[in-house]
Structure formats: C-alpha cells, structure tokens
1. Using alpha-carbon positions, what is the distance between the centroids of the range A:101-122 and the range B:155-172, in Å?
2. Based on the alpha-carbon gyration tensor of the range B:5-341 and its eigenvalue square roots a ≥ b ≥ c, which shape applies: rounded if a/c is under 1.5, prolate if not and a/b is larger than b/c, or oblate?
3. Please give the helix A:17-28 orientation as an angle from the longest Cα principal axis of chain A, in degrees from 0 to 90, rounded to the nearest 10.
4. Need one value for B:408-414: mean number of C-beta atoms belonging to other chains within 10 Å of its residues' C-beta atoms.
5. Towards the positive end of the charge dipole of the protein assembly as shown, with charges on Cβ (+1 Lys, Arg; -1 Asp, Glu), say which of A:His78, B:Val342, A:Gln422 has the farthest Cα.
6. So for chain A, averaging the separation of alpha carbon pairs under 8 Å that are six or more residues apart and normalising by length, what relative contact order in percent results?
7. From zero up to wherever the largest Cα-Cα distance of the range A:115-186 sits, split into 5 Å bins and tell me the percent of pairs in each.
8. Please compute the contact order of the range A:345-494 in relative form: average sequence separation of alpha-carbon pairs under 8 Å and at least six residues apart, divided by the residue count, as a percent.
Protein chains: 2
Amino acid sequence: MEWTTKKRYLPYNKWDAETLFDLQAQADQSQFQLHYHIRPSSGLLNDPNGFSYFNGAWHVFYQQYPFGPVHGLKSWHHMKSADLVHWEDMGLTVKPDTQFDSHGAYSGSATVINDKLFLMYTGNVRDQNWVRHSYQNGAWMDQNGHIKKLARPLIEAPNHVTEHFRDPQILKHGDKYYAILGAQDKETETGKVAIFSSSDLTGKWNDLGYINFTDKDMGYMIECPNLVFVDDQPVLIFCPQGLDKKITPYENIYPNMYVAGSKFKFDAGKMTTTQAAPINLDDGFDVYATQAFNAPDGKVYAISWVGLPDVEYPTDNENWANCLSQVKELSLKNGRLIQRPVAAMGTLRQAGHLIRTAKVIDGRQVVESHAGQQYELKITIARNQNGTLHLAGTHAVDHSLQLNFNTGKDAFFEIDRSKAGQTFNKKYGMTRKICLPENQALDLDVFVDHSLAEVFINNGEHVMTLRYFADQKNDKIALTGKNSLNYYGTFWNLADM
Amino acid sequence: MEWTTKKRYLPYNKWDAETLFDLQAQADQSQFQLHYHIRPSSGLLNDPNGFSYFNGAWHVFYQQYPFGPVHGLKSWHHMKSADLVHWEDMGLTVKPDTQFDSHGAYSGSATVINDKLFLMYTGNVRDQNWVRHSYQNGAWMDQNGHIKKLARPLIEAPNHVTEHFRDPQILKHGDKYYAILGAQDKETETGKVAIFSSSDLTGKWNDLGYINFTDKDMGYMIECPNLVFVDDQPVLIFCPQGLDKKITPYENIYPNMYVAGSKFKFDAGKMTTTQAAPINLDDGFDVYATQAFNAPDGKVYAISWVGLPDVEYPTDNENWANCLSQVKELSLKNGRLIQRPVAAMGTLRQAGHLIRTAKVIDGRQVVESHAGQQYELKITIARNQNGTLHLAGTHAVDHSLQLNFNTGKDAFFEIDRSKAGQTFNKKYGMTRKICLPENQALDLDVFVDHSLAEVFINNGEHVMTLRYFADQKNDKIALTGKNSLNYYGTFWNLADM
C-alpha cells in the first residue's frame, strides 16, 4: 500500500468502519503487542499529550494516526488511570474537525482550571498550496470527557518564527498563564523555545520571545519543550533536531534532552543554569517527545513516546507502530535527573522469586529458563565482573537481546539489539553504551513487555529504553562471561495492565 | 435516529470510521460502563459465543452489532483471558462476509481440534424477499487468532424445521462430533433442540431428530441450547420462548432455563431426567443465552448475556447496550445447579475490611457510606431478620437498589429495582423474588459494577442478575428494618479487569 499524501490526510469519514475493525483486530492480535504499556488502538502512536491529574484520576492522551503506521491526519486518544499504571481507554477525543486543526490535532498539554481540564494544542493546517500554518488552540474537557473547542486560536505564529511552531505546554505561574513552545527562528533557522503569557487565558497572549537557557546552537528545530520544577529547580526537557554532536553526543536520529537549572524567570524567559550542554534524557534507542508535569501530589511524572520520527519499525507490516513508556518519577541528584518507576508498578507483580549466582552449564548461567514476555527483573551484578546478560534468548542464547557489562576498570553498560530478532534502523547503530563508575556493583531494574525493554540503571541514574522484535518463543534469561558471574536479585512475571 | 431494516443491515464498509470512533468513545466514556465485565466496544452486545480453552488461554466471543443499540448485522468479537476474569480485547473476528452469513455471523460454539479452534456458528441470510435462511457454518481459528471459514455450510436446515434453526453447540463424544441446535418444528411450530452427528466434521452431518428431554410443550422456539456434563450428569441449558408459565413460572420476557438428568444417549438423542419441569437458571431480571462448556480442568464454566431480546435499556440513548456476566462455575446439588464465582475473581479484590452489625442512626444501619461502584459485598444476615439491604443508595437511602429479605417464617429474598435510578422495562415487573428455607441465615455474595449487580445467594443456590441505572454518586450501602438487624461480612472494592 502506498501512503500518498492524499491518503494520509483523507478525512476519517472517508475511511470505512470495516477497515478500522480489521486494523484494530490486527493490532490486538499482534505477537509484539504491548500488554502493560499504552499502545495505539490501531495505526500509529506518537507523542504523549495532556499528561495531567483531573477529577480524581490521571489522564494522558496519545497522538494517533489510526489508519496505518505512518504520520497522517492526527488526533488525541484519551487514556485515564487511577494509579499511573492501569490505563483505561477513553477513545479518540480531540479530532481534526475545525478550520484551525484541519490537518491534525497535534501535540499539546493540559492544565486543570476550575472544574474542567483545559487543553492547549497545535492545530496543523495546510493551505491550498500545501503550506503549513500552525495554530495554538484551546479546548475544554468536562468531567465526562467531552471536548469543547474554543472558536478561535489562542496564539497565531509570530513573525519571527517559521511554520515550525508547535507543542505548547501550558503552565500557571503566579496569576498568569504561560505557554512554552517548540519553534524554529525565522532569521537564523535555529531551534528555539518560545514563551508567551496571558492574564486571562482565552484573551490576549503576549509574545515574550525565546527562553534563554543556553548559549549554544540547538540545531534547526526544537520540539516538545517541557518545563518542570524538580525540588523547585527548573528542568527543561526538549527534543533538539539537528543538534551538533560535539555539543552533546547522541546516536538516535533525534535526541530527547534536558537542561537543569537553578532559577526560571517567567516574564524574562530566562533560565539560570550552570550546565554546559544538554544531557540525554534516555540512553537507549527509542525515546522521544517526553512529556512531564508537576503533579498535585508534589511529584514530577514523565511519560515518553517510545518511537522516533522518520524511523520504520517491524510492526509497520502489521499496520501499527509504537507505544508509550511507563510513567517515570523524576528527581534530581547532583544536577542530573533520576528517573524511577512509580510505586504502583509493583501492583503488576505476580509472585516473585529470588535469583542468585547459578552454576555455569554449557557456558552460561541460566537466570530464568522461561521468563515469558512480561516481566520485571531486578538484578545486582557484583563489582569486577565482565559479561553479558541475555534477555529474550534462544536455548543456547546465541540469539538474544544482549546487555553487556563491565563492573571493574573502564566500567560500562551496553545494550546490543543486533541479535534480538528482526533488525531495523541499523543506520543509527545497533548498540547503545554508557560509562559506569569503576569497581562498583551494577543495579539493573529491567522491564520487558513483549517488544519493549526499559532498563533502569543504578536506581534511575540512567534509563535505556528500546524496542526489539524477537520471536516470542525466545524467553530465556542467562548470563555469559569468561568466568562465573556473581549476581542476585528478584524476578517477577507482570500482569496485563 | 430511525433504525430502518436497511440501516441495520448496511455492510460495515458503508459505515464511516469517524462514526465508529465516536461510538467507541461514547461507550468508553459512559458513566454506566462496566469495568470488570465484558462489554461491547461499541453498539450492542448479545449472546456469548465460542466459550472455550485453547492454546493456553480462555476464549469467549460476543455477538456484536457495532453501530447502535439495536439488533443489526452481527459479528463475533473475540476476548481472551489467562484467568477467566481479566479479558483482553482481540477485536472483531468472525464477520458477515460470505454468501452463507451475509446477514449476520450469528451465535455458535467452539471446540479444540488438533492445534486449532473450530468454530461452528449460524450464518443468517436473507434472500431478495427478505426470507430468512439459516446455515450452520464452520471456521478454523489459528493460534494467532486468524479466522478461516469453510467454503460450504456444515448443515443446512432440514425439512422438519422452520427458518428458526440456529445456535449450534459442537461437542465431541466418542469418535464422533455432535451438534445440538435451537429449532422450531415446522409441523407443530414448537420449540425443539435438534441434534446432528458427523464422523468427519467437515463431511456429512446426520440428522438425529430432536432431543427427547421433556414431554412438555416448550413454547414456540428454543434458542441457545447447551449440553454440559456436571459430575457426569447431563445438564441441558436453553432458552424457551413462549413457554407456558404454568409449566415453570418466570417473569422475564424470555427465560433461560435448564433440565438436569442422569443419562444422555447421543445417537438416540435421549436425555433421561426425573425433573418435572425446567428450572430458571437465574432468578433476576436480565440473564439470557447462557453458554457453558466442560473445560479441560475438569470444571464446568458458564457465562451469560446480561440483556434480553426485545427489551430497551437506558444506555440505548448512549448508543451501546448490554454486557456479559462474570464467569460462573457450575456444580450440582440435589439435582439443582449451583453457580459460584470463579476463584480468580478474588484477584480483583482491593484491601477488604470486615463489616458487622452497626448502630441504627436515623432509621438505618450504614454498612458503607461510600462504596463506590465497583465492589464485592459478602454479607451474612442472621436468621429471623426482616428488612432491606440498600445498594447504590442516596444519603437517606430513600432511593436505592433494594434487596428485601425475611429470614424467619415465610422466608424470602427479593430484589426491587423500582427506586434505583432510571426505570425501564416496567412491563415485566420491577421486583424478582425467591423463597428461602425458613429460619436460616442468608448468605449473599453481591458483585456491583456500575450498572450491573450479580447476587449469589446461599453459596450459589440461586443467582439473581440485573442491570440498574442509578446516579453514580449514589453509593451508600445500608440496612433498614423495623428493628436493628444482625449481620456480618466483608467488603472489597474491586479493581478494573
């Protein structure tokens, strides 16, 4: 099937319901389908949107193109949760049905105002000449989940940006509302984070220019900026496109990064930071468009798109693509973000059992002969060890998702997905590697969900997230190395969400 | 919207996807929506189909008309479970897409044959003159959930039945396959259960006539016959339509009944029973089309449509209707079916707490001030008590779902839904009542799921199932009576499935 532009932007009412049933059933029945992560009901999922707490429940929406694994006419698909782990499908809610979002209800955010949830999002519009116009729109969601859009956009693109102007995050500070947006500066064609303010939300929005958070060139575009306050310190999470790898090395096609600072002056758009360069938020292969917010319980939560723009995945053949990460709780330690699973992830655990150093048989130490495809593995590898933790392994673990480690001198941790089933996106490398403190034990908290692995390293000092597409029969966990390896930990099968 | 015949039978590919998204979101967002029962993804749900254990999981399908709360062009919607409680949506699978099921893939059953699940179902076909033709079709489902239909029907209606000939249950016995079907005899226009046999499944099916299980007239039609063996005793569950109430009293528009016997001779179609008349399977308002099967774990499980033909429900206004019951484990005691929740229902329980006799304040004993809308209440009411257990009550419990009881002389248990929110289906009465043994404590195990109550009485000797549509804010549980009432038990909030 060829995805022409015309086809990708065909209105939903020109698609027939039987096609949609088939797409939904195909996604439902996929062997690679996620079982405790948010995944598209059909078609393509990208950015998380409107992550919030409202009316006694957590809410997140995902960008969805429902008719195939491509970026077509997008909507917001609403998910609701009591605990940030078990998500309930509330259906496709914000649809591209007005003149200000005719070519997509693109990404945005949400904030509670009185007894409603206020959504602010980018309306994507193409004119007759297929020139893009970006409107920043508003909508109210009531307690029954019904959406009422404002008649007029809140913000139109100012003269100093190109048509790349999107992904508003709405924030209340003092008695004013602020919106920060990803933008491309027209004069320099560089990526910026724009900031606007309004005293009455639906009236005038004042252009405050760009946020001053770095003196470096952030590439040609910044997407999905998110400002949160962690222990009262501002942290700006964003996705620079075209960032010079000499500023901060990265391997993914586009990185998701952050800058932590000490002060943020809203009206001046000034973030004080001593950080020399942005830091990679995730050290794996597939995280992008992370959205975070300050929750009313005093914590800061983040959720990521597991997927990247301009990358093809093996499930494209099944007409669906991508998922969201689990929710991560953010904290700061020495100016760096710590990301940890939320406590309620423990509710997915089925009866667990302890694991510990096993005998080497046929060159490997078997941790789990049959781990299944939904589990959490917490494992501590002693210092001064050198080997490989194999996940999704064949019997002989000659094929597996390989987690290589050295906990001695020149310590490192590396994920190699080159032997984990179907290979994809090879152009950007099959391994991701981080350096570790030397001669220290390595703590891993690994979550596997069929075709997704999320690896939390040393209590959240690093997270490495990735998709892989191995035969679902391959479910051995084992360790290999030159010598017998010392480790201990716990293994739990995890329930569906 | 007027549901003309033409509209109800419009092919799915003539409906547009946007309409389907809206219907799905409307069902998802309903305040009355079920949270731990199988419910339609949109539109109308009716009979459970193909209840089975295959490829390491439980399977059930539901009859669905996806475009509204009416009986239109039906399909099978597939659900899968590891534990008979947490069901995963596998999508719309058996669709009306051949010349032998063009007007509906109607009800049927499933049995495992080698490494596939074999489905046998009624293909509903209307000819140019809108005359109904019923074909009994076969289809294979592989381990990935993909359906392959046989090219030709297995059974065409024999001469001795009218066009009302449907709902095949396929069974293996000895080295032959048997199918039992609901039928209307042509000559007498009475309800019958037909039986056929085949030695090779896809070849010739032999007409063995009708099952001889009663000498009484079973009304004008029998639907959904199900034969199971409980402790090796045959039990025939079925839905007689037009049954004379002098044979077995019932109040619903159509009842769901059973006959228990001592022997079943397949080839003779003869069931030996000493039971004088069929017995109501459920003593509530809304159970129909129960499907049961002998599972490989040695147990017998049943699941029911909670809904009735020709009845309107308040959610019709929200464009969706009905649900399935929880799975019930069947056993026999003194020739009567005992129905109990399956053990895994316990996995839904959140932290529970004991309840016991409380002080009368303002004329009521409060059991739970705020029970929410998803809970299990196990309560034992002492003997010689006379009063009302109120569920879904307002503060003063002047509006509530009322469970009236007398555990003294002339003991009874009665459910009155006349003051439980929106009233509906009044024509068939607002109360259902059963007699109880005198001067004995009454054990109730009550499951509430927003708009559904399933009440198991005296350890499954009776089940009373009903829908009700009260304001979701009304969630008080209290007891009222002339005097203070003695009771004890446990209350658990229940998680989403």
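1. Result: 55 Å between the Cα centres.
2. Working: a/c = 1.34, a/b = 1.26, b/c = 1.07.
In terms of gyration-tensor shape, rounded.
3. 30
4. Details: counts 0, 0, 0, 0, 0, 0, 0.
Counting other chains' Cβ atoms within 10 Å and averaging over B:408-414 gives 0.
5. B:Val342
6. Numbers: 1361 pairs, mean separation 63.3, N = 497.
Dividing the mean separation by the residue count of chain A yields 13 percent.
7. 3, 15, 22, 24, 18, 10, 6, 3, 0
8. Values: 386 pairs, mean separation 58.7, N = 150.
Relative contact order of the range A:345-494: 39 percent.
Values in this text are rule-based calculations from the coordinates and carry no lab data. Just so it is clear, the structure is predicted and the values come from calculations on it, not from any experiment. When we count neighbours, we look across all protein chains shown, and the Cβ atoms used for this are built from the backbone with ideal geometry, even at glycine.
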